[in-house]
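The values are calculated or read from the model by the stated rules, or taken from the named source; none is laboratory data. All values derive from a computational prediction rather than experimental measurement. Cβ: placed from backbone, ideal geometry, glycine included. Neighbour counts: every protein chain shown. Note: areas computed on protein heavy atoms with side chains; ligands, DNA, RNA excluded. Shrake-Rupley method; radii C 1.70, N 1.55, O 1.52, S 1.80 Å.
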Number of protein chains: 2
Amino acid sequence: MEERPRRDFSRLCIHTITTRPWSLERAVEAYSRAGVAGISVWRFSLEGRNPRQAGRMIREAGLRIVSLVRGGFFPALEEAGRRKAVEENRRIIAEAHELGAPLIVLVCGAVPGQSLEESRRQIREGIAAVLPEAREAEVRLAVEPLHPMYADSRSAINTMRQANEVCDELDSPCLGVAVDVYHLWWDPDLEREIARCGARGRIFAFHLCDWRTPTEDLLNDRALMGEGCIPIRRIRRWVEAAGFSGFNEVEIFSDRRWAQDQETFLKEILAAYLKAS
Amino acid sequence: MEERPRRDFSRLCIHTITTRPWSLERAVEAYSRAGVAGISVWRFSLEGRNPRQAGRMIREAGLRIVSLVRGGFFPALEEAGRRKAVEENRRIIAEAHELGAPLIVLVCGAVPGQSLEESRRQIREGIAAVLPEAREAEVRLAVEPLHPMYADSRSAINTMRQANEVCDELDSPCLGVAVDVYHLWWDPDLEREIARCGARGRIFAFHLCDWRTPTEDLLNDRALMGEGCIPIRRIRRWVEAAGFSGFNEVEIFSDRRWAQDQETFLKEILAAYLKAS
């Protein structure tokens with residue numbers, strides 16, 4: 001099966017963190033003017049704003065809200081910490097509901113020195129605790145597997161198989177997976193586990209960027225599609241073959257890109273989306 | 001099964017890169033004086049030296065040579081590049097033989113933009129091409145799986161399972177695996193795949209260091225045992241339960257440690273080895 005060529009921006013979504021120097025208002029105006037169809041809103045972009053009004057402003061600009069980023073971080077050494085995380089995630093679900101975001105991306109969390117198995121148990125427990133609120137608010141939750149270089153402190157879910165296992169265990173139509181090519185491109189079971197995920201209708205999001213060689217920072221040196229070594233089109237083909245037809249979300253953390261003129265960067269994103277994703 | 005407490009340094013080996021500012025002669029003198037039993041020699045430590053004489057000098061100081069580090073880097077876009085890599089690995093095998101090192105650690109290689117499957121095929125082909133020379137020289141080869149953050153350019157072998165698959169396919173008593181806790185601690189199948197590896201007598205080496213939070217450099221911010229989040233003793237228990245009884249090798253790449261007084265660092269290594277590994 002060949003990759004379908006991109007023809008327009010009708011499935012393109014951009015994460016507000018990608019153009020981090022811009023305020024939410026500035027990003028909405030620029031994305032909308034460029035013909036971008038969707039936006040994923042990072043919580044820092046909502047600071048000092050009423051989520052309901054922000055949601056209305058985004059929709060009036062003609063943009064679809066794809067997701068609120070991000071919830072999660074469930075594990076903690078003490079029970080009080082885990083309870084606090086559950087409360088925080090309930091607040092995030094309410095915020096997503098007010099904003100009108102149909103999906104929350106979960107960076108599940110990990111605690112340095114706590115076993116990954118115990119963190120995964122706490123992740124399942126935390127998600128289970130907030131699923132009733134998510135259902136009630138009609139907000140879906142997407143477990144995002146994170147690259148193993150984040151297993152110390154950001155997520156104990158590091159492969160597609162592990163994300164599928166969490167979804168199998170909790171088995172809820174509200175719970176699925178966010179496939180991010182940056183985190184998963186190396187995963188030897190990726191094709192098989194994407195197919196397994198898709199067969200259950202559980203691919204809720206698809207995130208794009210690229211892996212630069214050499215990568216100079218563990219967090220903020222991600223690249224624009226086509227600048228790195230990730231076989232993005234091949235992974236897109238797997239995701240689409242598994243039934244996913246949602247937005248393709250550009251999510252790039254990059255100190256060098258944030259230092260650049262963001263209007264120019266936006267043009268480069270559009271070109272890279274058509275050419276290399 | 002409980003971890004056996006360390007009682008002495010009879011199974012401790014140090015990699016010359018760990019105390020990188022020291023010349024080979026200085027490292028041999030200091031390790032020997034400290035009662036360290038083994039040394040793994042990095043090739044840069046041999047520059048400008050005759051390997052045969054270097055080997056004799058090390059043995060006369062009472063140290064066992066555990067391995068020569070490192071061979072590998074088999075994949076290349078062009079066939080000429082792959083042929084060159086095979087020739088280079090034959091030279092390394094000859095060097096190990098002259099030095100008197102019974103083992104070469106293989107960092108298998110990867111090429112940015114070439115599929116990981118193709119790189120793995122080229123790795124198998126490259127190892128197969130040099131196995132006759134290794135057998136002849138009585139030098140064993142250890143495939144070292146590298147952390148997925150090195151999948152772009154350093155190794156397409158990123159899990160214990162993948163290392164086992166290479167060994168299964170080539171099936172030679174000269175070919176095994178180097179288990180490095182830094183690269184593998186996050187691997188969800190680690191316990192099972194270590195057992196599988198051990199059952200075939202294929203664990204040829206066991207490398208120690210720790211994962212710092214936050215890690216500030218992808219290559220040279222590794223930590224001393226006990227300074228990070230890796231469950232080192234648990235992994236040692238798995239390796240020993242699988243039948244491994246060889247050296248435990250301290251291999252730390254650390255800009256901050258290399259900037260320190262190396263005599264003090266060596267004392268800290270000895271203490272950390274007893275206390276946290």
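State whether one or more residues within the stretch A:246-262 are free of Cβ contacts under 8 Å to residues at least 12 places away in the same chain, more than 14 Å from chain B (Cβ to nearest Cβ) and among the polar types (S, T, N, Q). Checked the stretch A:246-262: at least one residue is free of Cβ contacts under 8 Å to residues at least 12 places away in the same chain, more than 14 Å from chain B (Cβ to nearest Cβ) and among the polar types (S, T, N, Q). Regarding the stretch B:189-211, can at least one residue be identified that is within 22 Å of B:THR19 (Cα to Cα), under 16 Å from the mean Cα position of the chain (by Cα) and within 13 Å of another protein chain (Cβ to nearest Cβ)? Scanning the stretch B:189-211 turns up at least one residue that is within 22 Å of B:THR19 (Cα to Cα), under 16 Å from the mean Cα position of the chain (by Cα) and within 13 Å of another protein chain (Cβ to nearest Cβ). Taken together, the residues in the stretch A:239-277 that are assigned to a helix (DSSP H, G or I), of a type in the set (A, V, I, L, M, F, W, C) and under 18 Å from the mean Cα position of the chain (by Cα) amount to 2. Within the stretch A:164-181, the set of residues being free of Cβ contacts under 8 Å to residues at least 60 places away in the same chain and within 19 Å of B:MET149 (Cβ to Cβ) comprises A:VAL181 only. Within the stretch A:107-116, the residues that satisfy the criterion of being in contact (Cβ under 8 Å) with a residue 12 or more places away in the chain and at the interface with chain B (Cβ under 9 Å from one of its Cβ atoms) are A:ALA110, A:VAL111, A:PRO112, A:GLN114, A:LEU116.
In the set (1) assigned to a helix (DSSP H, G or I); (2) open to solvent by less than 60 Å² (accessible area, probe 1.4 Å), A:GLN114 fails one condition alone, (1).
For the stretch B:117-131, filtered to residues that are touching a residue at least 12 places away in the same chain (Cβ under 8 Å) and of a type in the set (Lys, Arg), the residue that is farthest from the other protein chains (Cβ to nearest Cβ) is B:ARG124. Under the condition of being in a loop (DSSP other than H, G, I, E, B), facing another protein chain (nearest Cβ under 10 Å) and surrounded by fewer than 21 Cβ atoms within 10 Å (Cβ to Cβ), the residues counted in the stretch B:132-153 number 1. Annotation note: of B:ILE157, B:ILE123, the sole residue that is modelled with pLDDT of 95 or more and either of a type in the set (Lys, Arg) or in a helix (DSSP H, G or I) (or both) is B:ILE123.
Number of residues in the stretch A:77-116 that are within 26 Å of B:TRP185 (Cα to Cα) and out of contact with any strand residue (DSSP E or B) (no Cβ under 8 Å at 6 or more places or on another chain) equals 11. Is one or more of the residues making up the stretch B:230-250 in contact with a His (Cβ under 9 Å, 6 or more places away or on another chain), open to solvent by less than 20 Å² (accessible area, probe 1.4 Å) and under 27 Å from B:SER153 (Cβ atoms)? Yes, the stretch B:230-250 contains a residue that is in contact with a His (Cβ under 9 Å, 6 or more places away or on another chain), open to solvent by less than 20 Å² (accessible area, probe 1.4 Å) and under 27 Å from B:SER153 (Cβ atoms).
From the set of residues in the stretch A:160-191 that are charged (D, E, K, R) and assigned to a loop (DSSP other than H, G, I, E, B), which is surrounded by the most Cβ atoms within 10 Å (Cβ to Cβ)? So the residue we want is A:ASP187.
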